[in-house]
Amino acid sequence: MTIQNFFGVDTIFFTIFNYPMSYIEFFGTLFTGWSVYLSAKNKVLSWPIGLIGVVLYGFLFYQIQLYSDLFEQLYYLLTGFWGWWVWTHPLARERDANDELAVSHAGRNFNLIGLASIALLTFALTGFMSNIHLIFPVLFPVAASFPFMDAFTTAASFVANVYLVKRKIENWYLWIIVDIIGVFLYYQKGVIFLALLYAFFLINAFKGVYDWSKTLKGYAKEV
C-alpha cells in the first residue's frame with residue numbers, strides 16, 4: 001500500500017458491522033480519541049498525541065467536504081504546539097506543584113470575549129463556507145455540507161481550544177455543546193466511527209469537568 005492510498009478515504013482498512021473503515025479514519029480517530037482522553041486526565045502528553053490526529057483528520061475532512069473542519073485542523077496544528085509550550089512553560093505565579101500551568105476558572109471578561117468570538121466566527125464562516133465552492137471551484141468542487149452547523153462547531157471549538165491551552169475548566173462546557181452537535185453531524189455524513197468518537201468525547205467532556213473540578217478543590221486544600 002502506498003502513502004497516497006493510506007491517506008485516501010476510500011482505502012478500506014477493515015469492515016465492521018457492514019461499515020467500511022478507512023485507514024485514515026481509524027488512525028485519525030485513534031490518536032484524536034487518545035489525545036482527548038489525556039486532556040481530561042490533565043496530561044501534557046495530550047498535545048503531541050493530538051498533533052498526529054490533527055494531520056490525519058485534515059486529509060479526511062477535505063475528502064468528505066467538511067471544509068470548516070478542514071480549516072479547524074490547521075488551527076489545531078498551530079494551537080497544538082502553542083498549548084504544548086504554555087502547559088510546560090508557565091509563568092511562576094501560574095505554576096502548580098508539578099511546575100506546569102495550573103487549572104483555573106476563566107474570568108468574566110475572558111468569557112465575554114469567548115462568546116463574542118464564537119458569534120462572529122460562526123457568522124463569518126457560514127457565509128464563507130456556503131460559497132467556497134463558487135470562490136475556489138478547483139480546490140472545492142462540491143458545496144459544503146451543513147455550513148451553519150459546521151461553522152458553529154468550528155467556531156466553538158476554536159474558542160474551547162484557547163480555554164484548553166490556558167487550562168481553564170470552562171473549556172469542557174464548550175466541548176459538551178460541540179460534541180452533542182458533532183454526533184448528529186457526522187452520523188448524517190455517514191462517518192459512523194467518527195460519530196461514535198464524538199459520543200465518547202461527550203462522555204469524556206463530562207469526565208473532564210469532574211476531574212478538573214477535583215484538581216481545583218485540591219488547590220484550595222493546599223492553600
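The values are calculated or read from the model by the stated rules, or taken from the named source; none is laboratory data. These figures come from a predicted structure and were not determined experimentally. FYI the Cβ positions are ideal-geometry reconstructions off the backbone, even for glycines, and counts take in every protein chain you see. Ligands, DNA and RNA are stripped out before the accessible areas are found, and what is left, the full protein with its side chains, is counted by its heavy atoms. Shrake-Rupley method; radii C 1.70, N 1.55, O 1.52, S 1.80 Å.
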Matching residues in segment 141-158 - criterion: being open to solvent by less than 30 Å² (accessible area, probe 1.4 Å), out of contact with any Gly (no Cβ under 7 Å at 6 or more places or on another chain) and at pLDDT 80 or above: 150, 151, 154, 155, 156, 157
Cβ pairs under 7 Å, 6+ apart, first in segment 193-208 and among the charged types (D, E, K, R), second crowded, with 16+ Cβ neighbours inside 10 Å: 207/40
State yes or no: is residue 69 open to solvent by less than 40 Å² (accessible area, probe 1.4 Å), assigned to a helix (DSSP H, G or I), within 21 Å of residue 52 (Cα to Cα) and among the charged types (D, E, K, R)? yes
In segment 104-121, which residue that is at pLDDT 95 or above and farther than 30 Å from residue 218 by Cβ is most open to solvent (accessible area, probe 1.4 Å)? 120
Any chance segment 20-38 includes a residue that's in a loop (DSSP other than H, G, I, E, B) and open to solvent by 10 Å² or more (accessible area, probe 1.4 Å)? no
So in segment 69-103, with the set limited to residues that are polar (S, T, N, Q) and at pLDDT below 90, which one is nearest to the chain's Cα centre (by Cα)? 73
If I ask for residues that are touching a residue at least 24 places away in the same chain (Cβ under 8 Å) and either in contact with a Phe, Trp or Tyr (Cβ under 9 Å, 6 or more places away or on another chain) or over 18 Å from residue 197 (Cα atoms) (or both), which ones from segment 32-51 would you list? 32, 33, 36, 37, 39, 40, 42, 44, 47, 48, 50, 51
